[in-house]
1. Hey, what did the stretch A:5-207 get for relative contact order, percent, Cα under 8 Å, at least 6 apart?
2. For the stretch A:5-207, give the percent of accessible area contributed by carbon and sulfur heavy atoms, probe 1.4 Å, rounded to a whole number.
3. Roughly how much accessible area, to the nearest 100 Å², goes out of reach of solvent when A and B pair up, both sides summed, probe 1.4 Å?
4. For an R0 of 41 angstrom, estimate the FRET efficiency from the Cβ-Cβ distance between B:E383 and B:V74 and round to the nearest 0.05.
5. Quick one: of A:K271/A:K344; B:K262/B:K406; A:K248/A:K392; B:K293/B:K341; B:K262/B:K380, which pairs are farther than 19 Å apart, Cα to Cα?
6. Of all beta bridges DSSP finds with both residues in chain A, what is the antiparallel percent, to the nearest 5?
7. With runs of 4+ DSSP H residues as the only contributors, calculate the mean residue ellipticity of the protein assembly as shown at 222 nm using -39,500 (n - 2.57) per run, divided by the residue total and rounded to the nearest 500.
8. Let me have the relative contact order for the stretch B:22-222, percent, based on Cα pairs under 8 Å that are six or more residues apart.
Amino acid sequence: MIKYERFQLPNGLRVLFHKDETTPMAVVNTLYDVGARDENENKTGFAHLFEHLMFGGSINIPEYDAPLQLAGGENNAFTSNDITNYYDVLPAKNIETALWLESDRMLALASTPQSLEVQRSVVIEEFKQRYLNQPYGDVWLELRPLAYQTHPYKWATIGKSIDHIEEATMQDVKAFFKKHYTPSNAILCIAGNLDLNNVRALVEKWYGSIPAGNKYQRPIQIEAHQTEYREKLIERNVPSSAFYYAFKMMGRNHPDYFVADSLSDALGRDKSSRLYVSLKKNKQLVSEINAYITGSIDTGLLIISGKLNEQVSFQEFDTALWEEINKIKTVELESKELDRIMIKIRTSREFQEQGLLNRAMNLSMYELLGDANRINDENRIYSKITTTDILKCANEILQKTNCSVLKVKADKNAR
Amino acid sequence: MQDRIIAPTLIAIDHIDFTAPKTHRLSNSVNLYHMNSVPNETSRFDLYFDAGKCKGAIGIAGFVNGLLFSGTEVKSSIEISNEINALGGFLETGISVENAVVSIYCLRENLVSIFKVVIDAIQNASFDEKEVKEFLSDRKQNMMVSMEKVGYLAQREFQQKLFASNESYSKTVNLSDFESVSQTALKEFHAQHYLKGLLKIAVVGNLPDKDIGFIKEKTRSLLTEKSHCFDGNLENKNGSSHINKEGALQCALRIGRILFNKKHEDYLDFLILNTILGDYFGSRLMTNIREEKGYTYGVGTMIAELHQTGYFLIATEVGKKVKDDTINEIKYELNRLQNEKVKQDELQLVKNYMLGQLLKSADGPYSMTDLFLSAEMHGKDLEFYNEALVSIQKITAERIQELALKYLNWDDMTIVSAG
C-alpha cells in the first residue's frame, strides 16, 4: 500500500505528497501533461527539444543544475509520446531548493537564443547517436507511421526528421511554453521523510503565485480502427534480418489493459514464454524474440520483435509465428503458466516500489490517468485475471487485420 | 511576492549512517555477507566466481558464463528457466575482466527454492552440444551487431591498449573465436573456475538464519581454495589510434590510463578531481563540449577499479566533423586543471554535490550492500566512506591541482577513436 496525500492550489496545480521515513533523500517529480502527441505534424520532436530547454535557466535563476548540485542533488527528465517528466533527487533537508528551482521554470523560462542553439545541436547529436548511428536504430521511425495513420503516435518523440529540429524557432519555444507549461497542466509529487504541513506551506510559497494560465484542452485524437494487414520491408546494412509485428491494443485506461500486458508476458517476456520456447528453442528460427507493450495512454501497441537466424526466411518465420498465435487464441493458458506470469509481475512490482523515485513517478502517472490511488489497485487487478480473459483478449488483439509488420532485411549493400 | 532570486538556505551534510551487512566466514578466503534489514519482501543473492575474462583461453570465460544455465544431464535449459520463472526469479549473469557473477532477484519467500535450482544448474552444467552451438551462433550474431557500433569498437581497442602489458587482460574476442570451441575446453574451464571458484556470496533480504545456513551448506564444495592472483602492475600503451568505420555519423572517443584503486592514498582526492572534470552534469567537460559547443549528447569520466589496480577513462560520442576539436578541448580541460586552481565556488558546488551523492549511495539496503562490497573488494570496511566524507570536506584547490599535475598528463594517456 502506497500512502499519499493530495491537495490542489487555486491556480490548478495538483500536488501529491508521499511520506517515507526510511530514507534521507527526497524526490520532487513534476509531470507535465504534454508529449510528442501534442506536436504539430510539421514541427515534430518539439516536446523533447523543449525538455532540453527547460535546463537552460529560468526567469529568475540563470542556471538550473548548479543550485541543485550545490544542494547535493541531481536531476533528469524524459519525454514520451504522452508526457514530459522532470525529477529532482536530493537530500530531504534541502528540499526547498528543488521547489524553488522547479517553480521558477514553471513560472517562466529565460529562453536565451544561446540555449536554443546549443540544445538544438545536442538533440541532433542525440538523434544521430540513438536513432541513426545504431544498427536497427531507425526502426521506430519506420514502424510508427506504418501502425498509425492519423494519431500523432505516428511520429517518434525524437521527431520525424532532423530537419524539424533544425527549423525550430524561438517563437515556437515561447508559444509551446505558454500553451503547455501551466500549473493546471502539471502534477507535482513530493516524496521523502517530510511533514505534510511543511510541504504544503513550501508548495504554496513557491507555486502559489504562478498565474493559472489557460488549461490546454487536447483535441480528441482517435486512430481509426485498423481493418487491413500492413507490411513494410526495408533493407539495411545490418548483420541479421529483424522483424517487428505491431498489434493495436487498448490504451492505459481501458479495463483490459492489464490483460493485454499479461498476454504479452505469456508470448514473450522471458525464457519460459511461448514464442521463446517454440520459435527459438524448439524450431531454431530466431536468435532472439520478445513481446511487450508500449504502455500508451491512447491506442497502444503490442509488439513482437526479434531477429531471424541465418538461412531462415521471413516467410518461414511468419508461418510459424501465426501458428503460435493461433494456439494462444484457441486454447486457454495452463493454470501453471498463468501462475508463472503472475508471480513475475508481482516480483517486479515489489522491486519497482522499493525505489522512492519510482513511487513518485508512478503516483504522478496514475494521477494523470485519473486517480493516484489506482497505484494500489494494480495487484488486485492482476490477481483477478483468468485464462479465459487472456484468451478473449488474444482474440481481440492478435488479428492479422490489426497488425502492422516491419521487416528489416539484412543487405550488405544497403545504407 | 517573495524574492525568487535568492536561493533557499542550504543545510550541509555532515554525517551519513552506514550499515554493514553481517559477515559469515565460509573459509579462510571466502565470506558470505548478509544484509538483513530490508523493509519489504524483496531479496537478492550474488555469487562471485573466479572466472573473469582474464582467465583461460580467449573467449572461453564469456562462453562458460553464458552457458551456465544451458542444462544438466537431467534438466534442459527450458526446464531450468521454467523452474526459476515459476518462482518469480529474475536471473542475471555478468562477467568482467577479473570476476564472473550470477545474481537472482526474487521475493524472499522464494529465495531458498530458487537457490537450489541455481546451484544445481551451475554444479551440473553439462554443456550439451546443441545448446553450445545455438549459444555460439547467438553470441556471434550479437557481436556482429556490436561491431557496427562505434562505441563498442572504441571500447574494444581501448581495452587492448589499456592493458597492453598483460595479454591475459588485453585479449578481446574475435568473430573467428566462435568457430573452434570444444566441449572439453568449456568443461575444463567450468571445473576449474566455477566448481572450485566461488569467491564471495552476498545476500540482501529479510531472511531467517536457517536460510543463510542452507546457502552456506549448499555452497561448501564450490568455495575457492587457492588465493587468486590478479595483476597489480598493468601499464597502458600511450598514444593515439583510430578505428575506421565506413558510414558512421559519429565518432566514439575513449581516452584514459592505468591509475589505481581504493587502496591508493590519492584515490579519494582523485575522485573529487574526476567529478570536477567529467563525472556530473555540470562538469568541465559537459559544460564545454555539450552545453557550450553542442558537440555531443554526453561526455563522462570515471575511475574503474580492478583488484590490484584501476584505470581512469574519458568517454564520449561526438559528431564526426568535430572529432579533432573535441580531442583538443579535452586536452585543454586537462591542462586547465593543471595550470589553474579551481575557484572556490566551483569547488564548493562539487563538494556539496558529492556529499549528496554519497548520502544517496548509502540509501537503502541494496545500495548500502553495493557500497560495502565495493570497499570489501579492497580489504576496506565502511569506515572508508567516513574517510571519503572527510576528504570531500577538507580538500583544497591546491591539492586538486597537485593531483592533476601528477595524474592527468596528456602524454600518459591512451587515446582511441572509432568512426
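The values are calculated or read from the model by the stated rules, or taken from the named source; none is laboratory data. Being a predicted model, the structure only gives us computed values, none of them experimental. Using ideal geometry, Cβ is built from the backbone for each residue, glycine included, and neighbour counts are taken over all protein chains shown. Keep in mind that these areas ignore ligands, DNA and RNA; they rest on the heavy atoms of the full protein, side chains included. Shrake-Rupley method; radii C 1.70, N 1.55, O 1.52, S 1.80 Å.
1. Relative contact order of the stretch A:5-207: 39 percent.
2. After summing per-atom areas, the C and S share lands at 48 percent.
3. 6000
4. 0.30
5. Going by Cα-Cα distance, B:K293/B:K341 fall outside the 19 Å limit.
6. 80
7. Helix-only estimate at 222 nm: -12000 deg cm²/dmol.
8. Reported relative contact order: 37 percent.
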